[in-house]
Amino acid sequence: MTGARRMLLVSRRYLGPLLGLAAGLALSVALSFYVRDDVARDARLRFERHAADAKHIIERRLYAYVGVTYGLRALFAARGSLTRLEFRRYVESLDLPGNFPGFEALNYARQVKASERRAFEEEMREDMRRDDPRLPPFAIRPPGERAEYHPVVFVEPPEGNEKSFGLDVRMVGGRGKAFEDLRATDSIISSGRLLNVGRGNFVGLAMRLPVHRPGMPLGTAEERRAAFIGSVGAGYNVKKLMAGILDQTTMKAMRYRLYDAGQVGEPKPSAGKPTLLFDSAQTAPGAPSDDYALPGEAPAFDSVLPLELAGRNWELHFSAPREAYLEGADSMLPWLALAGGLVTSALLFTVLLSFASSRVRAEALAEEITRNLRASEAELARALLSQRASAAQIRDLMRRLVSVQEAERRRFSADLHDLVGQSLSVLGMGLETIRALLPGILPQKAQSTMDHMGRLLQETMGSVREVMSDLRPPLLDDYGLHAAIEWHASQLQARTGLQVAVEGRDLGERPAPEVELALFRIAQEALINVAKHAAASRARVALGRAAHDGGGGQRPRPRALRGQ
């Protein structure tokens with residue numbers, strides 16, 4: 001094998017395994033990235049499901065608090081008017097510290113026209129002295145002349161909320177337009193921003209719900225303004241309202257923030273930047289900071305879900321570190337996939353290298369077998385030539401043997417004819433001479449013996465003639481194949497009773513002597529076999545020549561020896 005051929009085999013041996021190894025490594029890395037992304041997608045889906053669940057939990061709590069305000073309005077609608085004592089008993093029955101810790105105060109503000117102000121203040125002072133002497137003297141604040149006033153007349157709990165009595169809610173924080181909207185609607189409205197109000201100037205939200213005179217139509221904005229008699233309000237401590245809302249769930253690692261994104265129906269650009277109302281990560285007193293970041297905060301999932309409440313668009317911003325949503329073995333899956341891919345690639349490389357080595361060895365073995373086969377073919381060709389030469393020699397020897405046998409048969413037949421046949425003929429003539437010389441003289445017994453000897457002599461001469469004919473029928477040399485076969489058929493019929501018909505008298509030019517002799521022997525042997533083994537009564541021998549078809553070979557027309 002030449003050096004170039006060896007180099008080609010070596011390159012072919014390693015090319016396939018190396019390509020398989022490269023493909024396996026690429027697939028392993030791709031699989032690792034895919035598994036990593038898939039794990040991240042699953043974690044992201046878990047986070048988003050938790051965020052949606054958390055939104056529903058927060059939403060339920062907010063609506064529960066809003067429901068208290070609606071319940072308070074329903075009480076006014078059912079009773080028409082309430083006394084301070086009735087208002088207090090209703091609020092006390094709610095057990096705000098136990099059931100609704102996010103409430104700082106529930107209040108009722110009454111609509112008072114400018115002409116009714118003095119009489120209203122006197123009425124409220126007398127009512128407050130009678131119900132609770134500890135309350136400060138009632139007066140509408142801030143002072144000043146206005147077309148109408150909306151002072152707070154009931155507030156619970158009163159402790160810590162003393163400054164709320166008489167406060168004109170329409171004048172708090174420049175809410176004139178908002179209050180006009182409240183009078184025209186039947187829904188709750190929110191301050192939309194944090195206020196420092198109530199006990200300890202807590203940071204909270206204020207919401208108000210209109211109260212209408214019972215029995216009056218409320219179908220249109222004008223009808224609602226005409227029926228408006230006051231409003232119930234609630235002050236919410238946002239931190240108490242939102243704190244711990246997810247502590248009893250599996251979402252403790254989630255950070256959630258509540259933003260006010262503007263009034264419902266207000267175009268987004270005019271709404272401005274959302275106002276942060278609550279941040280679960282900030283526990284310090286005061287308003288939460290919008291740019292607060294947790295120390296060592298890792299890359300996190302985040303989601304923003306909308307919420308509509310109290311005529312405002314609110315946004316819940318959820319975030320959580322990715323590690324919190326990766327299960328125990330999830331972070332190891334990409335590395336396990338990479339390791340499995342590398343091991344599989346190594347095994348694939350080993351298998352392909354083994355196959356390639358086997359192929360190279362097989363090709364080398366095939367080349368060696370080819371060389372040996374070619375040598376064997378050459379040896380076989382020489383053996384065939386030698387065999388053909390030997391076969392030719394054997395055929396020549398067989399022809400010589402047959403020739404010698406036939407010559408020996410002819411000589412032996414001639415010897416039988418010249419020696420034994422003549423001697424038997426002389427004996428027969430002598431026996432006849434003796435019988436003629438002694439007519440009637442011999443006794444009867446001697447005459448019988450002479451007759452028996454004559455018959456025995458005739459049988460012996462017949463047997464000798466048969467042996468001579470079997471050894472070499474004289475008719476074959478003198479008259480040809482057809483005459484010899486007819487003679488043999490007649491002899492066989494005389495001995496066995498088998499009727500033989502010989503056809504095809506005209507053969508044209510006589511074949512060569514050895515061919516004629518071979519054909520006679522074939523017919524002779526066939527007829528003897530028919531007589532011995534076929535149990536036939538008739539036989540037919542047809543003689544003829546095969547015709548050449550002018551093609552590349554001969555199509556012999558066989559003549560059959562048939563027996564019935």
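The values are calculated or read from the model by the stated rules, or taken from the named source; none is laboratory data. Since the model is a prediction, treat every value here as computed from it, not as a measurement. Glycine also receives a Cβ, built like all others from the backbone with ideal geometry; neighbour counts cover every protein chain displayed.
Data overview
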| item | result |
| --- | --- |
| Test result for Thr344, within 34 Å of the chain's Cα centre (by Cα) and farther than 30 Å from Ala52 by Cβ | yes |
| Meets criteria (more than 17 Å from Val232 (Cβ to Cβ), modelled with pLDDT under 80 and over 60 Å from the mean Cα position of the chain (by Cα)) for Phe202 | yes |
| Meets criteria (modelled with pLDDT of 85 or more, under 30 Å from Ser164 (Cα atoms) and hydroxyl-bearing (Ser, Thr, Tyr)) for Tyr256 | no |
| Residue match in the stretch 207-228 (condition: at pLDDT 90 or above and of a type in the set (Phe, Trp, Tyr)) | yes |
| Some residue of the stretch 57-70 being closer than 19 Å to Tyr236 by Cβ, in contact with a helix residue (DSSP H, G or I) (Cβ under 7 Å, 6 or more places away or on another chain) and part of a strand (DSSP E or B) | no |
| Of all residues in the stretch 153-190 being among the small types (Gly, Ala, Ser) and assigned to a loop (DSSP other than H, G, I, E, B), the one that is modelled with the lowest pLDDT | Gly174 |
| Residue check for Leu195: closer than 30 Å to Gln282 by Cβ, at pLDDT below 90 and among the aliphatic types (A, V, I, L, M) | yes |
| Where a residue in the stretch 509-535 is farther than 25 Å from Gly497 by Cα and its partner, wherever it lies, is loosely packed, with under 13 Cβ neighbours inside 10 Å, with Cβ under 8 Å and at least six apart | Glu514/Arg399; Glu516/Arg510 |
| Qualifying strands (runs of 3 or more DSSP E) (wholly inside the stretch 460-564; at least 1 residues being at pLDDT 75 or above) | 499-503, 538-542 |
| Residue satisfying condition, being in a helix (DSSP H, G or I), in contact with a strand residue (DSSP E or B) (Cβ under 9 Å, 6 or more places away or on another chain) and surrounded by fewer than 15 Cβ atoms within 10 Å (Cβ to Cβ), within set Ala43, Ala52, Ala30 | Ala52 |
| Condition check for Asp415: at pLDDT below 75, surrounded by 10 or more Cβ atoms within 10 Å (Cβ to Cβ), part of a helix (DSSP H, G or I) and not assigned by TED's automatic domain parsing to the domain that holds Glu516 | yes |
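Here's the yes/no breakdown for (1) touching a helix residue (DSSP H, G or I) at 6+ places or on another chain (Cβ under 9 Å); (2) more than 17 Å from Glu162 (Cβ to Cβ); (3) surrounded by 11 or more Cβ atoms within 10 Å (Cβ to Cβ); (4) not assigned by TED's automatic domain parsing to the domain that holds Lys240:
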{"site": "Glu92", "(1), (2), (3), (4)": "no, yes, yes, no"}
{"site": "Pro97", "(1), (2), (3), (4)": "no, yes, no, no"}
{"site": "Glu104", "(1), (2), (3), (4)": "yes, no, yes, no"}
{"site": "Tyr108", "(1), (2), (3), (4)": "yes, no, yes, no"}
{"site": "Gln111", "(1), (2), (3), (4)": "yes, yes, yes, no"}
{"site": "Ser115", "(1), (2), (3), (4)": "no, yes, no, no"}
{"site": "Glu122", "(1), (2), (3), (4)": "no, yes, yes, no"}
{"site": "Glu126", "(1), (2), (3), (4)": "no, yes, yes, no"}
{"site": "Arg129", "(1), (2), (3), (4)": "no, no, yes, no"}
